1. Go through (1) among the β-branched types (Val, Ile, Thr); (2) farther than 20 Å from Glu71 by Cα; (3) in contact with a helix residue (DSSP H, G or I) (Cβ under 8 Å, 6 or more places away or on another chain) and name the single condition Val175 misses.
2. Mind checking whether some residue in region 1-10 is of a type outside the set (D, E, K, R), within 22 Å of Ile94 (Cβ to Cβ), in contact (Cβ under 8 Å) with a residue 60 or more places away in the chain and surrounded by fewer than 16 Cβ atoms within 10 Å (Cβ to Cβ)?
3. Counting only residues that are part of a strand (DSSP E or B) and not basic (Lys, Arg), how many does region 1-39 have?
4. Regarding region 96-117, can at least one residue be identified that is in contact with a helix residue (DSSP H, G or I) (Cβ under 7 Å, 6 or more places away or on another chain) and of a type in the set (Gly, Ala, Ser)?
5. What residue, of Ala251, Ala176, is within 24 Å of Tyr59 (Cβ to Cβ), outside the structural domain of Arg57 (by TED's automatic domain parsing) and surrounded by 14 or more Cβ atoms within 10 Å (Cβ to Cβ)?
6. Name the residues in region 226-247 that are under 19 Å from Ser116 (Cα atoms) and in contact (Cβ under 8 Å) with a residue 24 or more places away in the chain, would you?
7. Would you be able to say whether some residue in region 67-74 is without any contact (Cβ under 8 Å) to a residue 60 or more places away in the chain, crowded, with 23+ Cβ neighbours inside 10 Å and not in a loop (DSSP other than H, G, I, E, B)?
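The values are calculated or read from the model by the stated rules, or taken from the named source; none is laboratory data. This structure is a prediction, so every number in the text was calculated from the model and none was measured. Note that we place each Cβ from the backbone using ideal geometry, even for glycine, and neighbour counts take in every protein chain shown.
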Amino acid sequence: MPLDLHTARLLHKQCISEPAQCYHFEFVMEGHESFAFAPGQFISAVSEDANSKQQIRAYSIASAPNGNRFELCANRVDDGFFSNYLADLPDLPIGAAIQVYGPNGFFTLKQPLTDSILVATGTGVAPLRSFTQWLFPPESGPDAGPDRSEGKQIWLVYGTRHESELYYHQEFEAVARRKPNFHYLATLSRAGESWTGLRGYVQEHVARIVEERAARLGLPLKQPPPDPAIPKSELQFGIYAYVCGLNDMIAGVRERLAGYGWHRKQIVFERYD
């Protein structure tokens, strides 16, 4: 079955971390008045390599729905075809077009909305940035919109090795300053002496959030199993975790939450490897 391809034209490209060679991209979908997608979904980019072989790579959309525009975030990878093709100006200058299809994916916010713990490492923050922009849009300017968080407590736990790998760090800090129910926790596993923020791995800070929330609400720390009479498709919980990154990190978060009795359906995840 042939792919339903669309043309996306590059509007802006910026290296947001020189040490990590991470790039931010802004595209406009040509021939479309709007590009509808659910926050957390991804597009797939298609191109031919030097051997005329079709290459397809999936990229989580790193922005909330905004007319016919969308944004991506990708690291340049040694011997990688598509990330290098996007990042290198000779290959993809401003105004150039790529072919994409989508949106696809089920890494999306559960409804009704609940308290939520968003967990990411590296470029796994891209779909969580989409969540954050959708939940907490600016209060003024061209992208202004209503607060969609419904007063729920939203935590973003973002872990990397070094401070230079915290993508969109200042943007998340700004959201946390203006929205008291958005809590941004940046943690480094190899922090330098000048770093004054959190240290360690994301699962350690996720555990602390769960424990403090249970104490504040007067809930048992270890959740009882759900009623077996409820079909799995109809299960609903008072809090969910949305986890995106490499497999080892996801496994660590899932194991820690399972220790508190969390049901596997409470932990929504997307692997990058």
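1. It fails just one condition, (2).
2. First pass over region 1-10, keeping only residues of a type outside the set (D, E, K, R): 1-3, 5-8, 10.
This time we only want the ones that are within 22 Å of Ile94 (Cβ to Cβ), so: 5-8, 10.
This time we only want the ones that are in contact (Cβ under 8 Å) with a residue 60 or more places away in the chain, so: 5-8, 10.
Restricting the remaining residues to those that are surrounded by fewer than 16 Cβ atoms within 10 Å (Cβ to Cβ) gives 5, 7.
Yes: region 1-10 contains one or more residues that are of a type outside the set (D, E, K, R), within 22 Å of Ile94 (Cβ to Cβ), in contact (Cβ under 8 Å) with a residue 60 or more places away in the chain and surrounded by fewer than 16 Cβ atoms within 10 Å (Cβ to Cβ).
3. Narrowing region 1-39 to residues part of a strand (DSSP E or B): 6-17, 22-29.
Applying the additional criterion that residues be not basic (Lys, Arg) yields 6-8, 10-12, 14-17, 22-29.
Adding up the residues that qualify gives 18.
4. No: region 96-117 contains no residue that is in contact with a helix residue (DSSP H, G or I) (Cβ under 7 Å, 6 or more places away or on another chain) and of a type in the set (Gly, Ala, Ser).
5. Values: Ala176 fails: within 24 Å of Tyr59 (Cβ to Cβ).
Matching residue, one of Ala251, Ala176: Ala251.
6. First, the residues of region 226-247 that are under 19 Å from Ser116 (Cα atoms): 226, 234-245.
Correct list: Pro226, Leu235, Gln236, Phe237, Gly238, Ile239, Tyr240, Ala241, Tyr242, Val243, Cys244, Gly245.
7. Applying the first criterion (without any contact (Cβ under 8 Å) to a residue 60 or more places away in the chain) to region 67-74 yields 67-69, 71-72, 74.
Adding the requirement that they be crowded, with 23+ Cβ neighbours inside 10 Å leaves 72, 74.
With the extra rule that they be not in a loop (DSSP other than H, G, I, E, B), the set shrinks to 72, 74.
Yes: region 67-74 contains one or more residues that are without any contact (Cβ under 8 Å) to a residue 60 or more places away in the chain, crowded, with 23+ Cβ neighbours inside 10 Å and not in a loop (DSSP other than H, G, I, E, B).
Condition check ((1) closer than 18 Å to Pro65 by Cβ; (2) outside the structural domain of Ala241 (by TED's automatic domain parsing)) across all residues:
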| position | (1), (2) |
| --- | --- |
| Ile98 | no, yes |
| Leu109 | yes, yes |
| Thr121 | no, no |
| Leu128 | yes, no |
| Phe136 | yes, no |
| Pro142 | yes, no |
| Arg148 | yes, no |
